[in-house]
Amino acid sequence: MKNRVLISSILMASVGASAPVYATNDGHLDGVWLSGRITTTIPKAINTSGPSPWAQLKNLKIDSGINNCYAQLTWAGEGSYVYQLVSYCMNGNGQWERGEYSSELWELNDSRQSLGSDWGSIYFVQQGKAFHGFPANYAFIGYEGSLEFMPKYNQKGSLSGISVGASSGMIYSWDSGSKIGGTSRSGGLKLRFVNTDQVPQGAINCAAGASPLCVESES
């Protein structure tokens with residue numbers, strides 16, 4: 001389990017204080033969807049398919065695909081102050097699947113009702129590959145680092161957007177078929193708020209557990 005001491009301490013300070021706090025504990029972002037993409041160029045990828053010393057591949061481009069992945073925020077319930085960030089992607093077989101390594105985000109003590117983690121993560125399947133359950137030749141691309149989700153509201157008080165901050169981390173890629181992987185800087189993660197009617201029905205069905213590929217893996 002990744003260290004979340006910083007965010008946890010902020011949360012406990014806000015909950016324990018007698019002064020008014022902003023952490024709402026009301027599930028205000030429960031069920032919210034974001035479209036997602038991770039694309040990067042790995043400066044020096046490592047090919048471990050042969051004997052060592054392993055070969056290096058320079059400037060290897062990796063992508064999860066355009067309009068191929070989505071993520072949903074799911075509230076853990078009253079008293080938790082915690083949301084789970086779960087990804088859903090269409091794999092290379094044309095099937096929607098739930099991502100591995102779901103991350104937790106905590107309500108923060110700020111006036112924007114933000115969520116955050118000092119070390120969160122999100123992982124997508126590489127475009128044209130499969131990932132859920134780690135099948136043969138699985139391949140993923142993921143971000144690990146600090147995450148902050150800052151909601152925006154219109155004059156009617158309805159959610160109109162989410163600004164996502166991602167820094168102090170890295171992009172990690174691995175293809176078990178080619179045995180090629182590596183890391184790059186964190187700038188390749190893009191998450192954008194979308195209304196539910198903009199989300200593909202396959203992703204929505206997957207979030208409801210429509211197939212074995214959509215159920216949380218025990219791997």
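Key figures for this structure:
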{"quantity": "Odd one out for SER52 among (1) assigned to a loop (DSSP other than H, G, I, E, B); (2) farther than 20 Å from ASP175 by Cβ", "calculated": "(2)"}
{"quantity": "Qualifying position, being under 20 Å from LEU29 (Cα atoms), without any contact (Cβ under 8 Å) to a residue 60 or more places away in the chain and surrounded by 14 or more Cβ atoms within 10 Å (Cβ to Cβ), among LEU115, LEU105", "calculated": "LEU105"}
{"quantity": "Hits in region 64-79 (condition: β-branched (Val, Ile, Thr) and not in a loop (DSSP other than H, G, I, E, B))", "calculated": "THR74"}
{"quantity": "Unique residue being closer than 22 Å to LYS152 by Cβ and crowded, with 16+ Cβ neighbours inside 10 Å when the list is TYR88, TYR70", "calculated": "TYR70"}
{"quantity": "Qualifying positions in region 188-201 - of a type outside the set (D, E, K, R) and closer than 19 Å to LEU85 by Cβ", "calculated": "GLY188, LEU189, LEU191, PHE193, VAL194, ASN195, THR196, GLN198, VAL199, PRO200"}
{"quantity": "Strands (runs of 3 or more DSSP E) wholly inside region 134-219 containing at least 3 residues that are more than 14 Å from the chain's Cα centre (by Cα)", "calculated": "139-153, 159-175, 180-185"}
{"quantity": "Residue within region 138-160 that is within 17 Å of SER49 (Cβ to Cβ) and touching a residue at least 12 places away in the same chain (Cβ under 8 Å) present", "calculated": "yes"}
{"quantity": "Of residues in region 81-108 being charged (D, E, K, R), within 20 Å of ILE141 (Cβ to Cβ) and part of a strand (DSSP E or B), the one nearest to the chain's Cα centre (by Cα)", "calculated": "ARG98"}
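Readers should treat all values here as calculations from the given coordinates under stated rules, not as data from a laboratory. Remember, it's a predicted structure, so these values are computed and weren't measured experimentally. Cβ coordinates were reconstructed from backbone atoms using ideal geometry, including for glycine residues, and neighbour counts include every protein chain displayed.
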